[in-house]
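Novice: I have a structure I would like to understand better, so I am pasting it below and will then ask my questions one at a time.
The values are calculated or read from the model by the stated rules, or taken from the named source; none is laboratory data. As the structure is a computational prediction, the values presented were derived from the model and not from experiment. Backbone-built Cβ (ideal geometry, glycine too); neighbour counts: all protein chains shown.
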Amino acid sequence: MTRLTPDLIECVPEGKLALDDTLMKYTGHTMKSMALHAAGLPEDTDLSGITASVVPITSGMGIIGGFSQSVDAILRRLGIRSHVTEGTDVLGFSKAMDSGDDLVFMADDSMFVAYNVRERKYITNFYGTALGYATALDLASGGIKGKEALVIGAGFVGSRAARILRDMGADVIIADKICDKGKSVAAELGVRYSCDVEGTLSKNKNVLNAAPAIFPGRLIAEGAVISSPGVPHYYDEEGRRKASCIIHDPLEIGVATMATCSVAFFHHKEDASR
Ligand code: PYL
């Protein structure tokens with residue numbers, strides 16, 4: 001998992017990334033409606049009755065400047081009544097409990113969770129990001145069911161995205177530069193795998209790039225739909241020209257989908273996978 005840096009998220013609180021414009025153009029949804037759709041909730045669900053605390057966590061490599069504020073801003077953009085706790089770590093968590101808030105968001109160096117206090121269930125950012133970007137690929141591709149979908153990266157997000165796309169009915173191929181990693185995830189999921197990341201990428205028009213890797217435009221298939229949560233994120237001019245769309249943001253789609261999946265626990269009692 002690539003650790004975010006303040007420069008990557010500095011635009012998030014003001015919503016300057018124009019993510020909604022990109023998503024509306026390629027998926028017909030806003031970030032909010034796509035996240036609600038991903039979680040199986042009505043796209044006009046009113047989230048203003050939901051409260052959330054965001055707890056800054058100082059452990060390990062410590063606070064990322066702007067991280068809690070970005071998460072808070074994304075939740076507010078969904079209509080959730082959110083705030084960043086005054087205290088950090090356990091003090092912050094205790095204040096979140098005392099506030100009676102419905103959801104608690106907190107991240108250390110290894111895990112970022114949204115905890116639904118009343119249902120006592122959590123959603124990870126790995127799952128929220130995988131579901132959010134798989135949903136974006138499904139929508140932007142005009143429906144991924146019955147189509148080939150390449151997942152690059154068999155890590156925490158890629159392996160979950162491959163499972164989700166498989167369950168959406170896609171013909172999934174998973175490719176990782178560490179061949180055995182892709183092979184074992186493919187075996188677990190019952191999908192195909194490839195050890196030739198670049199060769200497979202150049203042949204696929206529906207791609208979810210969950211790898212911390214940059215691919216030259218010569219490898220991008222003409223008209224490719226690229227759903228790209230991976231950080232660092234960069235496509236050269238040739239890649240941007242050849243792709244029919246490239247969907248990326250540093251934090252928003254993952255956090256928004258974590259939030260809607262956490263809210264969905266109030267509606268569906270079954271556990272979402274994490
Ligand atoms: C959740 C992000 C998405 C990509 N990489 C993950 C990351 O950077 N995780 C570390 C988050 C640390 C947050 C810090 C704070 O400010 O509370 N503990």
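Novice: With the requirement that a residue be within 13 Å of E252 (Cβ to Cβ), out of contact with any strand residue (DSSP E or B) (no Cβ under 8 Å at 6 or more places or on another chain) and of a type outside the set (S, T, N, Q), what does region 67-91 give you?
Specialist: Hits for region 67-91 are A73, I74, R77, L78.
Novice: Do you know which residues across region 1-23 are over 17 Å from the mean Cα position of the chain (by Cα) and part of a helix (DSSP H, G or I)?
Specialist: If the condition is that a residue be over 17 Å from the mean Cα position of the chain (by Cα) and part of a helix (DSSP H, G or I), then P6, D7, D21 are the ones that fit.
Novice: Let me ask something else about it. Can you tell me which condition L208 does not meet? The list is (1) more than 30 Å from Q69 (Cβ to Cβ); (2) crowded, with 24+ Cβ neighbours inside 10 Å, and all the others hold.
Specialist: So the condition that L208 fails would be (1).
Novice: Would it be correct to say that A211 is small (G, A, S) and within 16 Å of the ligand (Cβ to nearest atom)?
Specialist: Considered against the rule, which asks whether it is small (G, A, S) and within 16 Å of the ligand (Cβ to nearest atom), A211 comes out as yes.
Novice: Just one of (1) surrounded by 13 or more Cβ atoms within 10 Å (Cβ to Cβ); (2) of a type in the set (D, E, K, R); (3) more than 23 Å from V117 (Cβ to Cβ) trips up K95, so point out which.
Specialist: Evaluating K95 over (1) surrounded by 13 or more Cβ atoms within 10 Å (Cβ to Cβ); (2) of a type in the set (D, E, K, R); (3) more than 23 Å from V117 (Cβ to Cβ) leaves (3) as the failure.
Novice: Let me ask another. Do we have any residue at all in region 69-91 that's modelled with pLDDT of 95 or more and touching a Cys at 6+ places or on another chain (Cβ under 6 Å)?
Specialist: No, that holds for no residue.
Novice: Just to be sure before I move on: is L201 modelled with pLDDT of 95 or more, buried (at least 24 other Cβ atoms within 10 Å of the Cβ) and in contact with a Phe, Trp or Tyr (Cβ under 8 Å, 6 or more places away or on another chain) in the structure I sent?
Specialist: Answer is no for this residue.
Novice: Of all the residues that make up region 114-146, how many are more than 22 Å from T22 (Cα to Cα) and free of Cβ contacts under 8 Å to residues at least 24 places away in the same chain?
Specialist: Total meeting the criteria: 2.
Novice: Hey, among G223, G230, which residue is closer than 23 Å to G132 by Cα and away from the ligand (no atom under 16 Å from the Cβ)?
Specialist: G223
Novice: Return a yes/no flag: does region 86-108 have any residue that is assigned by TED's automatic domain parsing to the domain that holds M258, closer than 23 Å to S159 by Cβ and out of contact with any helix residue (DSSP H, G or I) (no Cβ under 8 Å at 6 or more places or on another chain).
Specialist: yes
Novice: Quick one: I50 ticks every box in (1) more than 14 Å from A264 (Cα to Cα); (2) more than 18 Å from the chain's Cα centre (by Cα); (3) not charged (D, E, K, R) except a single one, so which number is it?
Specialist: (1)
Novice: If you don't mind, there's one more thing I want to ask. Name the single residue that is farthest from F266 (Cα to Cα) among those in region 102-135 being of a type outside the set (K, R) and more than 16 Å from the ligand (Cβ to nearest atom).
Specialist: Here the answer is A134.
Novice: Can you pull out every residue in region 176-196 that is surrounded by fewer than 22 Cβ atoms within 10 Å (Cβ to Cβ) and farther than 14 Å from R160 by Cα?
Specialist: K177, I178, C179, D180, K183, R192, S194, C195, D196
Novice: Right, another one. Which of the residues belonging to region 47-57 are out of contact with any Gly (no Cβ under 8 Å at 6 or more places or on another chain) and surrounded by fewer than 15 Cβ atoms within 10 Å (Cβ to Cβ)?
Specialist: Answer for region 47-57, where residues must be out of contact with any Gly (no Cβ under 8 Å at 6 or more places or on another chain) and surrounded by fewer than 15 Cβ atoms within 10 Å (Cβ to Cβ): just G49.
Novice: If you take the residues of region 210-224 that are among the hydrophobic types (A, V, I, L, M, F, W, C) and within 15 Å of T200 (Cβ to Cβ), which of them is modelled with the lowest pLDDT? Give the steps one after another, and end with the answer.
Specialist: Residues of region 210-224 that are among the hydrophobic types (A, V, I, L, M, F, W, C), as a first pass: 210-211, 213-215, 219-221, 224.
This time we only want the ones that are within 15 Å of T200 (Cβ to Cβ), so: 210-211, 213, 215, 219-221, 224.
Numbers: A210: 97, A211: 95, A213: 90, F215: 96, L219: 97, I220: 97, A221: 97, A224: 98.
Per the stated criteria, the residue is A213.
Novice: Now a separate question. List pairs: first in region 233-257 and without any contact (Cβ under 8 Å) to a residue 12 or more places away in the chain and not assigned by TED's automatic domain parsing to the domain that holds L139, second within 12 Å of the ligand (Cβ to nearest atom) and among the acidic types (D, E), Cβ under 6 Å, 6+ apart or cross-chain?
Specialist: From residues that are without any contact (Cβ under 8 Å) to a residue 12 or more places away in the chain and not assigned by TED's automatic domain parsing to the domain that holds L139, there are no pairs.
Novice: Can you pull out the residues in region 58-83 that are β-branched (V, I, T), more than 14 Å from D102 (Cα to Cα) and either crowded, with 20+ Cβ neighbours inside 10 Å or away from the ligand (no atom under 14 Å from the Cβ) (or both)? Even if it seems obvious, please write down each step before you answer.
Specialist: To start, the set of residues in region 58-83 that are β-branched (V, I, T) comprises 58, 63-64, 71, 74, 80.
Subset that is more than 14 Å from D102 (Cα to Cα): 58, 63-64, 71, 74.
If the condition is that a residue be β-branched (V, I, T), more than 14 Å from D102 (Cα to Cα) and either crowded, with 20+ Cβ neighbours inside 10 Å or away from the ligand (no atom under 14 Å from the Cβ) (or both), then V71, I74 are the ones that fit.
Novice: Sticking with this structure for a sec: Of all residues in region 206-228, count the ones that are out of contact with any His (no Cβ under 7 Å at 6 or more places or on another chain) and touching a residue at least 24 places away in the same chain (Cβ under 8 Å).
Specialist: Residues in region 206-228 being out of contact with any His (no Cβ under 7 Å at 6 or more places or on another chain) and touching a residue at least 24 places away in the same chain (Cβ under 8 Å): 12 in total.
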